[in-house]
Amino acid sequence: MSGTILVTGGTGLVGKGIQYIIENEPEGSRFGKKAGAKWVFLGSKDGDLRDFEATKAIFEKHQPTEVIHLAALVGGLFSNMKYKSTFLRDNLLINDNILELSHRFKCKKVVSCLSTCVFPDKVEYPLTEEKVHLGPPHGSNFGYAHGKRLVDVQNHAYNDQYGDMFTSVIPTNIFGEHDNYDLSDSHVIPGLVHKCILAKKNNTPFIVSGTGKPLRQFVYSRDLAKLMIWTLYEYNEIDPIILSTGEDEEISIKDVADAIVKAVGFEGDYQFDTSKADGQYRKPASNAKLQRLTGGFKFTPFQEALQQSVTWFMENYDSARTGGNGKLNNVETKQ
Ligand code: NAP
Ligand code: GDP
C-alpha cells in the first residue's frame, strides 16, 4: 500500500483519531503508515462532498489509490429526530459521490463508515453483521440509518457488477478528542462532558437528558482508528464488520454520567430530565468477528479513555467544536 490514501471527514472525531495513529504508530507496524504511502485528510473546506463536481475535483487533484470514507452529516439522537430528511439526503449524496468516483478512479479499496443505527429496531440481540437488513431501523433516526444502510447495498452492487473492493465498518457509539462538544447538537458523552464542566464552573445542577436507563456500547476514537487502519490493510470481505468493545461492556447512561462526574471532578447536584427522549433502549453488538479476525484487540479501558478525552477538551476548550453542527443552522423543520 504505497499510493495515496484519501480520508474523507478527516477533520472530524474519527478522522483526527486516524491522523493521530498514523502520525504516532511506528512506520511499518500493524496500525502504522506503510513506507511510501501518502495520507490525505480532507475536511469540508476542501470541497462539499454532496456536490459531484466538487468531489470529482478532489479525486482529480489527489488521484487516490485507497479511500477511508468517514464524511457524513452526523448528529446525536436529538438532531437525528429533528432533521430526518436532511440526514437522509446529505448522506445519500455524499456516499453516492464517493463510491462512484472511487469506482471511476479505479481505487483499489474503499472502507466506509456505517453505524449501529443501521440495524433493525426489532431484532434478536446481540447485533451481528448479517442482521443489517432484517427489518426497519428505529424511528428516531431512520433518515440517517437508511442513508448509511444503502452504502452496504452499493458496496455489494459495485462488487457484483465491476468487482470493486468496497467494504464498510460498523462502530458502536464513539467518543474521544476532537468530538463535537456542543451542548445540544452532539452525542451523549461530549454533550454531557461539556454540561458537567459548566455545572462545576457555575455551581449549577448537572442535568442528564432522559431516564439514564438506556444502555450503550462505546468505542474510543483512537482504538477505532487502529481498527479502521487494520480494516484497510487486512480485512477483505465486502460485508461490513462491527468495530467495538464487547457486548459485555454495554453501560447505562447513568453509568456514563457517573464516569463523567468522576473524570470532571464534579461534586454538585445531578438530575435526570425525564421529559427528554431516551431513544433506543439498547443495541448491543457482538465483536466476535473482529476479535476472531484480528486475533484479539486490546481496547483502552473506558474510564481511562474518558479521562483523556475530558482532559483534552478542558485544555482545548477555546478551539474545540462547541458551536453545534453548523451544517444544520439554516435547515427548516416543522417544529
Ligand atoms: P464528525 O466529527 O461530525 O466529522 C464529520 C466529518 O465529515 C468532518 O470532517 C466534516 O468536515 C465532514 N463533512 C460533513 N459534511 C461534509 C460535506 N458535505 N462535505 C465534506 N465533508 C463533510 O463525525 P465523526 O463522529 O468523526 O463520524 C465519522 C464517521 O463515523 C461518520 O461516517 C459517522 O456516521 C460514523 N459514526 C459516528 C459515530 C459517533 O458516535 N460519532 C458512531 C457511529 C458511526 P468539517 O468538520 O470540515 O465540516
Ligand atoms: P444514540 O445512541 O444514537 O441514541 O446517540 P446519543 O449519543 O445521542 O445517546 C443518546 C442517549 O443518551 C439517549 O438515551 C439520551 O436520552 C441520553 N442522553 C443523556 N443526556 C444526553 C445529552 O446531553 N445528549 C445526548 N445526545 N444524549 C443524551
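If only residues of the stretch 1-47 that are within 19 Å of the chain's Cα centre (by Cα) and assigned to a loop (DSSP other than H, G, I, E, B) are counted, the one that is nearest to ligand 2 (Cβ to nearest atom) is G12. When the stretch 248-284 is filtered for residues that are touching a residue at least 40 places away in the same chain (Cβ under 8 Å), out of contact with any helix residue (DSSP H, G or I) (no Cβ under 9 Å at 6 or more places or on another chain) and charged (D, E, K, R), the ones remaining, listed by number, are K254, D273, R282.
Taking the stretch 63-91 as the range and being surrounded by fewer than 18 Cβ atoms within 10 Å (Cβ to Cβ) and closer than 16 Å to L49 by Cβ as the test, only R89 passes. Looking across D90, D121, D96, one residue alone is of a type in the set (D, E) and not in a helix (DSSP H, G or I). It is D121. Scanning the stretch 175-224 for residues that are β-branched (V, I, T) and within 16 Å of ligand 1 (Cβ to nearest atom), which turns out nearest to F266 (Cα to Cα)? Of everything passing the filter in the stretch 175-224, V193 is nearest to F266 (Cα to Cα).
Applying the selection to the stretch 150-169, what residues are in a helix (DSSP H, G or I) and in contact with a Cys (Cβ under 9 Å, 6 or more places away or on another chain)? The one that is in a helix (DSSP H, G or I) and in contact with a Cys (Cβ under 9 Å, 6 or more places away or on another chain): V151. Close Cβ contacts (under 7 Å, 6 or more residues apart or on different chains) running from residues in the stretch 168-186 that are farther than 22 Å from I21 by Cα and of a type outside the set (S, T, N, Q) to residues that are within 9 Å of ligand 1 (Cβ to nearest atom) and part of a strand (DSSP E or B) comprise D182/R321.
Since every read-out is calculated from the coordinates, none of them should be taken as a lab result. Predicted, not measured: the structure shown is a model, and the values here were computed from it. Ideal geometry is used to build each Cβ from the backbone, glycine not excepted, and the neighbour counts take in all protein chains shown.
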